[in-house]
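Following: one structure in structure tokens, then a few remarks.
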Amino acid sequence: CVLDLSMMSDPDRHVRRAAVVALSAVAHQKAVALVAMHLGALLPKLYEQTVVREDMIRTVDLGPFKHKIDDGLELRKAAFECLDILLDSCRGQLETSVFVSHLESGLKDHPDVKSPCHLMLAKVAASDPTALLAGLEKLVEPLEKTLTTKLKSDAVKQEVDRHEDMLRSCLRAVDAVNRIPAIDTCAPFQAFMKRTVMAGPLKDKFLQIERERAEAEGGDAMDLS
């Protein structure tokens, strides 16, 4: 067996994370046949690890301040990283509609989880655009929220750099989705492009992303200016 299936349901989050990492390792080694034998049983359990659980968030008192610690973050990161590997190695066995529904939660999560989800969204846009288009409406809100999040006025350089990286990560995913055939049939996405992406300072950032992608592909970016 690729791993003990019960490990994915273990009450200890460290054991569950170890199980996820083990699955990632096997899938990364291109042992597709071995993974495929158990994927039907593993996927539902793996998807469970991508969900934010309130019982794994604790509040710590730091003098006059209170700080929330998310003990499930590392597990969710590992789960989405595993899904990314499976998307490459077992794409034909993943039901896109189910995959996209869980991608939605990742796009609303911590920045460390959002980044791999942006990458996966771009991959799905290229590999199964029709299925993605069917569930795209639900992804507009988390994408827009990421792009419209404002930094605090006293943000330090490290926070500014991280924010900029997150914007670029999100815009690369938006660029991939925007190239889906018949994307103009998704009214919510078109409205999002008009009011958020192609408005204000984000427009120049998006056009730069397009230019970079076109240069990498050896072509020309579509002129949306």
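Legend: distances between Cα atoms for K108/K194; K114/K152; K45/K114; K77/K138; every pair falls at or below 23 Å.
Placing +1 on each Lys and Arg Cβ and -1 on each Asp and Glu Cβ, with no other charges, gives the chain a dipole about its Cα centre of roughly 260 debye.
Ranking L23, P129, L75 by how far each Cα lies toward the positive end of the dipole of the chain (charges on Cβ) leaves L75 at the top. Computed about its Cα centre, the charge dipole of the range 31-75 is approximately 60 debye, with only Lys, Arg, Asp and Glu carrying charge at their Cβ. Where in the range 122-150 is the amide nitrogen less than 14 Å from a point lying 7 Å along the Cα-to-Cβ axis of Q93? Taking a point 7 Å out along Cα→Cβ of Q93, no residue of the range 122-150 has its backbone N under 14 Å.
Here semi-axes √(5λ) of the Cα gyration tensor in Å was computed from the coordinates, and among (i) 33, 22, 13; (ii) 26, 22, 15; (iii) 31, 25, 15 the match is (iii).
Here the contact order of the chain, divided by its residue count and restricted to Cα pairs under 8 Å and six or more residues apart, works out to 15 percent. Specify the inter-centroid distance of the range 26-76 and the range 134-198, based on alpha-carbon positions, in whole Å. Here the two parts' Cα centres lie 24 Å apart.
Against the criterion of solvent-accessible heavy-atom surface with a 1.4 angstrom probe, H38, H67, H118 sort, most first, into H67, H38, H118.
Summing +1 for each Lys or Arg and -1 for each Asp or Glu among the other residues whose beta-carbon sits under 14 angstrom from that of Q190 gives 0.
Protection proxy ranking for 143-152, 19-28, 126-135, using the average of other Cβ atoms within 10 Å per residue and placing the highest first: 19-28, 126-135, 143-152. Note on Q208 and R168: their simple-model spin labels are 0.8 nm apart, each label 7 Å out from Cα toward Cβ.
Using a simple spin-label model with pseudo-atoms 7 Å out from Cα toward Cβ, A33 and K145 lie 4.4 nm apart.
Expressed as a rounded percentage, what relative contact order does the range 135-225 have, with Cα pairs under 8 Å and six or more residues apart?
On the way: 48 pairs, mean separation 27.0, N = 91.
In percent, rounded to a whole number, it is 30.
The values are calculated or read from the model by the stated rules, or taken from the named source; none is laboratory data. It should be emphasised that the depicted structure is a prediction, and the values quoted were computed from it without experimental measurement. We place every Cβ from the backbone using ideal geometry, glycine too, and count neighbours over all the protein chains shown. For accessibility, only protein heavy atoms count, side chains too; no ligands or nucleic acids. Shrake-Rupley method; radii C 1.70, N 1.55, O 1.52, S 1.80 Å.
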